[in-house]
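Each remark here refers to the structure printed beneath this line.
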Amino acid sequence: MAFPKPQATLRSATGIPTGRLAVWWLLASEVVIFGGVLGSYLMHRLGHPEWAEAASHTNTWIGAFNTFVLLTSSFTAVLAHQAAEKGDGKKAAGFLVLTIGGALTFLMVKSYEWTVEILEGFTITANGFWSFYYTAAGLHALHVIAGAIIMGIVAADAYRGRELQRVELIGIYWHFVDVVWIFLFPLLYIAK
């Protein structure tokens, strides 16, 4: 015998779906984390003009390519949400798989980039710039990994026509991951 879901899991007292509210609360805490890292980086960067020389060794073209990859993956996340809104779980799952492909591409490019930088001697202990670079980009990469894993779970459910509202929720999270990168890219790759 199937029991109906309690009302508390469907809607909060605000009239906003509980899952959406939970994602926004999560993202608010993430803003604090990334805001602290980026704020610290900016304050240190202003006090250390010599970091410009260290930053000149980042590969702007690789950073730009990864920006393109993440923005494209956000587009496929939007298409997945649109398909879910129409009740087409299989199509939504397909677009989520494409989004996961973008995440994996981003991570492979980042792995290549870090391998080259480390082999050239630009390690996390090389100086303050590289410490912030690896910390900020690494924290972002962890969020990409988490998003891809969760997206895989959501895609599997969506393919079976279950829990289609979760497609929107993982999409909101994914857009946040992209927005963070939009801040990281100019700070770490362009501002030299």
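The values are calculated or read from the model by the stated rules, or taken from the named source; none is laboratory data. Remember, it's a predicted structure, so these values are computed and weren't measured experimentally. Neighbour counts are summed over all protein chains in view; Cβ atoms, including those assigned to glycine, are modelled from backbone coordinates with ideal geometry.
Tabulated data
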item	result
Among the candidates LEU79, LEU70, LEU107, residue that is surrounded by 16 or more Cβ atoms within 10 Å (Cβ to Cβ), more than 24 Å from LEU142 (Cβ to Cβ) and modelled with pLDDT of 95 or more	LEU79
Residues satisfying the stated conditions in segment 80-124, i.e. at positive phi and free of Cβ contacts under 8 Å to residues at least 40 places away in the same chain	GLY121
Total residues in segment 13-68, condition charged (D, E, K, R) and over 16 Å from TYR189 (Cα atoms)	2
Residue match in segment 49-59 (condition: assigned to a helix (DSSP H, G or I) and β-branched (Val, Ile, Thr))	no
Output for segment 85-96, where each listed residue is surrounded by fewer than 17 Cβ atoms within 10 Å (Cβ to Cβ) and out of contact with any Phe, Trp or Tyr (no Cβ under 9 Å at 6 or more places or on another chain)	GLU85, LYS86, GLY87
Test set (1) free of Cβ contacts under 8 Å to residues at least 12 places away in the same chain; (2) not in a helix (DSSP H, G or I) - PHE68 fails condition number	(2)
The listed residue being over 23 Å from the mean Cα position of the chain (by Cα), at pLDDT below 95 and in a helix (DSSP H, G or I), out of LEU46, LEU27, LEU21	LEU46
Identity of the residue in segment 125-135, free of Cβ contacts under 8 Å to residues at least 24 places away in the same chain and surrounded by fewer than 17 Cβ atoms within 10 Å (Cβ to Cβ), that ends up nearest to the chain's Cα centre (by Cα)	SER131
